[in-house]
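The values are calculated or read from the model by the stated rules, or taken from the named source; none is laboratory data. Not measured: the values here are computed from a predicted model. Positions of Cβ are generated from backbone atoms using ideal geometry, with glycine treated the same way; all protein chains shown enter the neighbour counts.
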Amino acid sequence: MAALIQKTLAELAAGLRGKQFSSVELARGLLERIEAAQPKLNALITVTRDAALAAAAAADRDIGAGRGGPLTGIPLIHKDIFCTEGVRTSCGSRMLDNFIAPYDATVVARLRSAGMVMLGKANMDEFAMGSSNETSFYGPVRNPWDARLVPGGSSGGSAAAVAARLAPVATATDTGGSIRQPAALCGVTGVKPTYGRVSRYGMIAFASSLDQGGIITASAEDAALVLRAMAGFDPRDSTSVDRPVPDYTAALGRSLAGLKVGLLEEFFDKGLDADNERQIRAALGVFAGLGASLREVSLPSIPLSVPAYYVVAPAECSSNLARYDGVRFGYRCREPRDLLDLYRRTRGEGFGAEVKRRIMTGTYVLSTGYYDAYYLKAQKVRRLIANDFERAFRDVDVIMGPTTPTPAFEIGAKTADPITMYLNDIYTIGANLAGLPALSIPCGFVGKLPVGLQIIGPHFAEERLLTAAHAFQRETDWHRRIPPGYE
Amino acid sequence: MSDRNWETVIGLEIHAQLATRSKIFSGSPTTYGASPNTQADLVDLGYPGVLPVLNGAAVRMAVKFGLAIGARVAPQSIFARKNYFYPDLPKGYQISQYELPIVVGGALDILLDDGAVKRIGITRAHLEEDAGKSLHEGLAGSSGIDLNRAGTPLLEIVSEPQLRSAKEAVAYMKKVHTLVRYLEICDGNMQEGSFRCDANVSVRPQGAQQLGTRTEIKNVNSFRFVEKAIQYEVGRQIEVLESGGRIVQETRLYDPDRGETRSMRTKEEANDYRYFPDPDLLPLVLAPSFIDEVRASLPELPDAKAQRFVAHYGLTPYDAGVLTASRELAAYYEEVVRHAPGEPIAAAHWVTGELAAALNRDSLDVTDNPLPPARLAGLLARMADATISGKLAKEVFEAMWASGREADAIIEEKGLKQITDAAAIGRIIEEVMAKNPAQLADYRAGKDKLFGFFVGQVMKASRGKANPAQVNELLKTKLSS
């Protein structure tokens, strides 16, 4: 197993085809690792052992019969925000602890039909609201690099699982940084595609205009392979974009000579940890060495991204989460006296504190008399930020900077003060507000802890981002580092 | 009560259920009357992760309506969420259109009792989804929820507050009802709730500029109830104001059993709906070419048809209005005229008279009419060529209605053919004169009034078949000879 977890997806696929090992062996090995890691990391909410082994056996038969594609027989973990037919889909909440999804999300269906084998469902912040995975009803996920620390969030389970090599691939979602931030804190590669690139159907909504499904893997090369299978137009999602999906893998070998890299002035501010900054600057040097030209760019409105986000996202969440009323599915309080009591207690008992905080904030900013001052103003700020990016991308091909201000912090360190917690997303939120693709790759360490480099591109420039990330990963081995104890 | 001192102001919000096969944001069928919750899929149930996808057929229907009332069809409209909690509202919000509706402006003309035409402005019409139904009967203290109706497409048509009486409100509502059926965008079935309205009612002193405080009567689903509910509400408001009270802005329900409106909730208890654009749906953008294409597909509209009937067939505006109130009735009329080209006015009288009465009596729709237009035209022809009199024609009509047979066959069989042979009529007259010597003597002695008696006797003896004009003429000659 120790050798298998070092392999890229392409190598795993070749091994499966060459009968060096079977999908069942691969799945079984990873299920054992999951079992062993679970008490330490709490990365998964549900392990679907029997279904995984059955799917792996089916994949082996397909491979034996010469059928299937590059992902057939490759195991993965789905973030528990994606509906999986017949399997509990909790969204990290007591509200959906008893919810067995009656259908597959489009992402799940696509990866299933690509032959991938689901091992289980990853832990996450409740309804994807959090930056540390501490708001999960199922308890916090721990960082594989140091179990006292958070893995980031909300896709903390996905990032921790890939970092600890419990699976080569985990799906994730990103509303304000929920793929990139945990990827950075766990030392893995996390890709948030352009808004509309990946279907949101079956992905439980937090903030619909910001949510985007994506992928966490060890490398950009692996991400390219999976993203191609999960992306594309979905007639069930009106906001998905009808535009062909390129072969991301095919572009990976391209040279970076002449690539114009913008360094975001506003991201290298006093909030950025000095050690973190050193690693980022060193990584930028690697890009310069690959032929990229670096120049400063400014996005004057970007400092407003956190306040704008914390109006828009709660507003949408307050409406999206209204359906959890105890009437048709999910948690219902015991013996409600009447309708109002049913609503109050179901929602009071079913949701955690952070979710309630955001529902209340969102309800407030949409209320008569406050709508213009908050929601409408935030939408205008959003437009300004999008314009800033658009202007910047006239001069540069990609924008690079830190993913997070600091490496992973201790569990409990920021739970008392939501604002401090929210500032963790200061570098990632802009891409969500503008709907841009962005990724985070490991680019060094501060002490024992990984640091993430963020690369942001114009709409539908996933290919460019992956190419840049892959070129960097050919020069460096940060993405191959595995946390001690998980080798 | 002194109604004369008060002016009534009414605006209607009509909800027309669009006649699409599937729902507005899901693929579930919209058929009425299925067992509870059998026509609700995961989207209608508001399951976690599902998303709405707009039904193009509903959009086309809304555009049709907009074009038919001369409105502006918005090149871009926005779906918004109206947020409130209720068990029959699965998502906790209704998807509707708020700031930017698909249809803006427009008007419809109504015919007043005095024959004048009044133009009623339409503020807007917007697309939205219906909610489900809560069921409170037969469930032993608990409530049931049927989500079959959830997600059914509605067009909400909002009038300007330009209606000045319950009668005007009903005339306007009927006009909209006719139009949506012409356009085939709504089946107009009021019993099933496919066409219903909310009435905003207020009163103000005659001559006042400012509007009075209004109340909203919710969910009225018959023309008669609309009239009665408004009449009651107007009376109630005047009474409150005249006794020194003030009107509370509130939502009221009409109780048809008691014939009164009752308070449902006041403005203070009203929800703050927290409208905002639905991020799951992109702005609805309509290309000019699409709007042009829909415009080209519009049928002849009721008013244009009525005007044509007046100009082309010489009908009165009233008859033209009655005939064109239903697209099917108008089509039937035109078929009759096509078969009896010389008789457009008689055809109008027969279609709006005997035929409408027979349909009404047998509770039949014009589409279930047992009498094909050619048959009715055949009857008109026999009247025109004096084969039968108008009086006997009614008898023939009834027989045709019952049997579906042709007029000629019935006239033949029943021997109803009019007697126009002067010699035959002369013989009947002579028999009548022979049988009534006393009356004959009186007549000849100058009692002219008895002429009518002889006409009656001759018609009776001919069993109504003698041509009345000939009877008159021959009688005159024979009685005085």
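Here residue B:375 clears all of (1) at pLDDT 90 or above; (2) touching a Pro at 6+ places or on another chain (Cβ under 6 Å); (3) of a type outside the set (Val, Ile, Thr) except the condition numbered (2).
Can you tell me which of B:292, B:278 is out of contact with any Asp or Glu (no Cβ under 8 Å at 6 or more places or on another chain), surrounded by 20 or more Cβ atoms within 10 Å (Cβ to Cβ) and of a type in the set (D, E, K, R)? Working first, answer last.
On the way: B:292 fails: surrounded by 20 or more Cβ atoms within 10 Å (Cβ to Cβ).
That would be B:278, the only listed residue that is out of contact with any Asp or Glu (no Cβ under 8 Å at 6 or more places or on another chain), surrounded by 20 or more Cβ atoms within 10 Å (Cβ to Cβ) and of a type in the set (D, E, K, R).
Scan the range B:42-55 residue by residue and report those that are more than 10 Å from every other protein chain (Cβ to nearest Cβ) and either surrounded by fewer than 22 Cβ atoms within 10 Å (Cβ to Cβ) or under 21 Å from residue A:326 (Cβ atoms) (or both). Correct list: B:44 only.
Residues in the range B:405-447 that are under 15 Å from residue B:478 (Cβ atoms) and assigned to a loop (DSSP other than H, G, I, E, B): how many?
The qualifying residues number 1.
The number of residues in the range B:399-425 being in contact with a helix residue (DSSP H, G or I) (Cβ under 8 Å, 6 or more places away or on another chain) and of a type in the set (D, E, K, R) comes to 5.
May I ask you to say which residue of A:218, A:184 is more than 14 Å from every other protein chain (Cβ to nearest Cβ), small (Gly, Ala, Ser) and in contact with a Ser or Thr (Cβ under 6 Å, 6 or more places away or on another chain)?
Numbers: A:218 fails: in contact with a Ser or Thr (Cβ under 6 Å, 6 or more places away or on another chain).
Only one candidate passes the filter, namely A:184.
Pick out the one residue from B:150, B:171 that is of a type outside the set (S, T, N, Q) and either under 21 Å from residue B:43 (Cα atoms) or in a loop (DSSP other than H, G, I, E, B) (or both).
Working: B:171 fails: either under 21 Å from residue B:43 (Cα atoms) or in a loop (DSSP other than H, G, I, E, B) (or both).
None of the others qualify; the one that does is B:150.
Checking the range B:226-249 against the condition returns no match, with no residue being assigned to a strand (DSSP E or B), in the same structural domain as residue B:161 (by TED's automatic domain parsing) and out of contact with any Phe, Trp or Tyr (no Cβ under 7 Å at 6 or more places or on another chain). Within the range A:338-368, if we keep just the residues that are more than 9 Å from chain B (Cβ to nearest Cβ) and in a loop (DSSP other than H, G, I, E, B), the residue that is farthest from residue A:95 (Cα to Cα) turns out to be A:338.
Filter the range A:200-237 down to residues that are of a type in the set (Val, Ile, Thr) and in contact with a Gly (Cβ under 6 Å, 6 or more places away or on another chain) and give me whichever is surrounded by the fewest Cβ atoms within 10 Å (Cβ to Cβ).
So the first thing to find is which residues in the range A:200-237 are of a type in the set (Val, Ile, Thr), and the list is A:204, A:215-217, A:226.
Checking which are in contact with a Gly (Cβ under 6 Å, 6 or more places away or on another chain) leaves us with A:204, A:216.
Working: A:204: 29, A:216: 34.
The residue in question is A:204.
Listed residues B:111, B:67, B:12; which is more than 10 Å from every other protein chain (Cβ to nearest Cβ), in contact with a Leu (Cβ under 9 Å, 6 or more places away or on another chain) and surrounded by fewer than 23 Cβ atoms within 10 Å (Cβ to Cβ)? The match here is B:67.
If the condition is being buried (at least 20 other Cβ atoms within 10 Å of the Cβ) and more than 14 Å from chain B (Cβ to nearest Cβ), then the range A:310-336 contributes only A:310. Residues in the range B:31-41 that are away from chain A (no Cβ under 14 Å) and crowded, with 22+ Cβ neighbours inside 10 Å: B:39 alone. Here B:86, B:98 are screened, and the one residue that is surrounded by fewer than 21 Cβ atoms within 10 Å (Cβ to Cβ), within 14 Å of chain A (Cβ to nearest Cβ) and within 14 Å of residue B:125 (Cβ to Cβ) is B:98.
Look at residue B:426 and say whether it is at pLDDT below 85 and surrounded by fewer than 19 Cβ atoms within 10 Å (Cβ to Cβ). Don't jump to the end; show me each part of the working.
On the way: at pLDDT below 85: no; surrounded by fewer than 19 Cβ atoms within 10 Å (Cβ to Cβ): yes.
Answer is no for this residue.
For the range B:378-389, indicate whether the set of residues that are surrounded by fewer than 12 Cβ atoms within 10 Å (Cβ to Cβ) and outside the structural domain of residue B:349 (by TED's automatic domain parsing) is non-empty.
Going residue by residue through the range B:378-389, those that are surrounded by fewer than 12 Cβ atoms within 10 Å (Cβ to Cβ) are B:385.
Remaining after also requiring outside the structural domain of residue B:349 (by TED's automatic domain parsing): none.
No, the range B:378-389 contains no residue that is surrounded by fewer than 12 Cβ atoms within 10 Å (Cβ to Cβ) and outside the structural domain of residue B:349 (by TED's automatic domain parsing).
The set of residues in the range A:76-99 being more than 10 Å from chain B (Cβ to nearest Cβ) and surrounded by fewer than 24 Cβ atoms within 10 Å (Cβ to Cβ) consists of A:85, A:86, A:87, A:88, A:94, A:97, A:98.
Of everything listed in (1) of a type outside the set (Val, Ile, Thr); (2) surrounded by fewer than 13 Cβ atoms within 10 Å (Cβ to Cβ); (3) touching a Lys or Arg at 6+ places or on another chain (Cβ under 7 Å), the single unmet condition for residue B:271 is (3).
Taken over the range B:403-447, the criterion of being basic (Lys, Arg) and over 44 Å from the mean Cα position of the chain (by Cα) is satisfied by B:427, B:435, B:444, B:447. Could you list, in sequence order, all residues of the range B:397-419 that are touching a Gly at 6+ places or on another chain (Cβ under 7 Å) and of a type in the set (Ser, Thr, Tyr)? None; the set is empty.
Applying the criterion of being among the hydrophobic types (A, V, I, L, M, F, W, C) and more than 23 Å from residue B:127 (Cβ to Cβ) to the residues of the range B:271-319, the residue that is farthest from the other protein chains (Cβ to nearest Cβ) is B:315. Residue B:236 satisfies every condition listed in (1) closer than 30 Å to residue B:64 by Cβ; (2) touching a residue at least 12 places away in the same chain (Cβ under 8 Å) except (1). Restricting attention to the range A:100-109, does a residue exist that is surrounded by 24 or more Cβ atoms within 10 Å (Cβ to Cβ), touching a helix residue (DSSP H, G or I) at 6+ places or on another chain (Cβ under 6 Å) and assigned by TED's automatic domain parsing to the domain that holds residue A:219? Scanning the range A:100-109 turns up at least one residue that is surrounded by 24 or more Cβ atoms within 10 Å (Cβ to Cβ), touching a helix residue (DSSP H, G or I) at 6+ places or on another chain (Cβ under 6 Å) and assigned by TED's automatic domain parsing to the domain that holds residue A:219. Could you list, in sequence order, the residues of the range A:1-33 that are within 16 Å of residue A:486 (Cα to Cα), out of contact with any helix residue (DSSP H, G or I) (no Cβ under 9 Å at 6 or more places or on another chain) and not in a helix (DSSP H, G or I)? A:2, A:3 - these are the residues of the range A:1-33 that are within 16 Å of residue A:486 (Cα to Cα), out of contact with any helix residue (DSSP H, G or I) (no Cβ under 9 Å at 6 or more places or on another chain) and not in a helix (DSSP H, G or I).
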